[in-house]
Amino acid sequence: MMPDFISQREKQKYFRSLNEEQKINALNEMIEEAEHIVFLGGAGVSTESGIPDFRSKNGLYRKKDRRFGRYKPEYLLSYDCLDKRPAVFFDYFRKNLDCRTACPNDAHRKLARMEQQGKLDGVITQNIDGLHQKAGSRNVWEIHGSALRSYCVSCHTEYGENFIFESAGEIPHCPKCGKMVRPDVTLYGELLPQRAYEEAVALIRYADLLMIGGTSLEVGSAAQLGHMYHGKYLVIINKGRTKMEGKADLVFHDNISKVMNAIDI
């Protein structure tokens with residue numbers, strides 16, 4: 001049973017005194033006690049499924065490719081690039097963001113199991129790979145969209161996961177109206193999808209345990225959501241340091257699947 005704390009300072013001092021085994025026990029006690037758990041995840045959740053993150057030493061932004069060497073990585077995934085250099089955009093997108101064959105890992109599966117057993121209200125993800133849904137999670141809010149969906153910029157006809165990756169020509173065009181078909185992802189320079197963001201905010205504000213995993217919180221959307229949280233317990237699981245560790249109760253600098261596998265559900 002978790003101790004009663006008279007202040008936030010006392011609570012954090014207690015959790016920071018724990019060794020790794022004790023931290024796992026504390027995490028399980030938090031999960032048992034909490035009534036509204038939410039998971040906020042980033043690219044590190046999917047790296048164990050073979051999908052590279054963006055900013056680590058082995059991340060997508062560190063890859064050297066002569067075809068794209070003249071462009072900054074953020075530009076290649078921007079609305080400006082899609083609008084002004086669509087052939088370059090789709091070349092980069094097809095080469096680097098095809099996640100159709102990726103499979104869920106233990107972290108995805110554990111989160112799905114937590115939801116199925118009524119211990120997780122929902123997942124908020126920055127990832128565009130659809131792996132939470134493949135693992136069985138149902139209440140997933142994709143605040144950066146999905147590479148497995150696409151739509152026509154003119155008539156708004158929706159297309160499935162294969163359309164962009166298997167379409168002929170440099171730029172995919174809509175069979176109905178002939179205009180460009182783009183991925184349903186949030187590019188640099190675009191606003192987040194309104195409904196997904198609003199649902200994410202509602203989950204965060206109602207939660208009494210927020211688990212943040214696989215993200216450095218460098219991207220503004222995730223950091224903004226994290227700072228909205230004012231519930232009872234905050235847990236961060238990430239190999240590297242994050243910008244919210246000073247607010248967290250438990251911090252694990254470890255593989256996310258390893259920590260999630262230690263949850264008794």
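Just so you know, all these numbers are worked out from the coordinates, no wet-lab data involved. Everything numeric in this text was worked out from a predicted model, so none of it was measured. Every residue, glycine as well, gets a Cβ built from its backbone with ideal geometry; the counts of neighbours run over all protein chains shown.
In loop segments of region 1-39 as defined by DSSP, the GluC sites (Glu not before Pro) with at most 16 further C-beta atoms inside 10 Å of their C-beta are Glu35. The charge dipole of the chain, taken about the Cα centre with unit charges on the Cβ atoms of Lys, Arg (+1) and Asp, Glu (-1), comes to about 1080 debye, rounded to the nearest 20. Fewest-first ordering of Asp53, Asp208 by other beta carbons within 10 Å of each residue's beta carbon gives Asp208, Asp53. Once divided by 2.2 N^0.38 Å, the Cα radius of gyration of region 46-186 becomes 1.13.
Of the GluC sites (Glu not before Pro) found in region 161-237, the ones in coil according to DSSP and having at most 14 other Cβ atoms within 10 Å of their Cβ are Glu170, Glu190, Glu218. In plain terms, the residue of Leu191, Leu76 with the fewest other Cβ atoms within 10 Å comes first and the most crowded comes last, giving Leu191, Leu76.
Over all other residues within a Cβ to Cβ distance under 13 Å of Arg85, the charged ones net out to 0, with Lys and Arg as +1 and Asp and Glu as -1.
Exceedance of the 31 Å cut-off in Cα-Cα distance is limited, within the set Lys72/Lys110; Lys64/Lys247; Lys232/Lys258; Lys23/Lys64; Lys110/Lys176, to Lys72/Lys110; Lys64/Lys247; Lys23/Lys64; Lys110/Lys176. Within region 170-265, what percent of beta bridges assigned by DSSP are antiparallel, to the nearest 5? Bridges in region 170-265 that DSSP calls antiparallel: roughly 10 percent. With the Kirkwood sum run over all distinct C-alpha pairs, the chain has a hydrodynamic radius of 19.5 Å. The residues Arg100, Arg70, when put in order of fewest to most other Cβ atoms within 10 Å, stand as Arg70, Arg100. A prolate overall shape is assigned to region 169-209, the ratio a/c of its alpha-carbon gyration tensor axes (a ≥ b ≥ c) being 1.5 or greater and a/b exceeding b/c. DSSP bridge analysis restricted to the chain gives an antiparallel fraction near 30%, rounded to the nearest 5.
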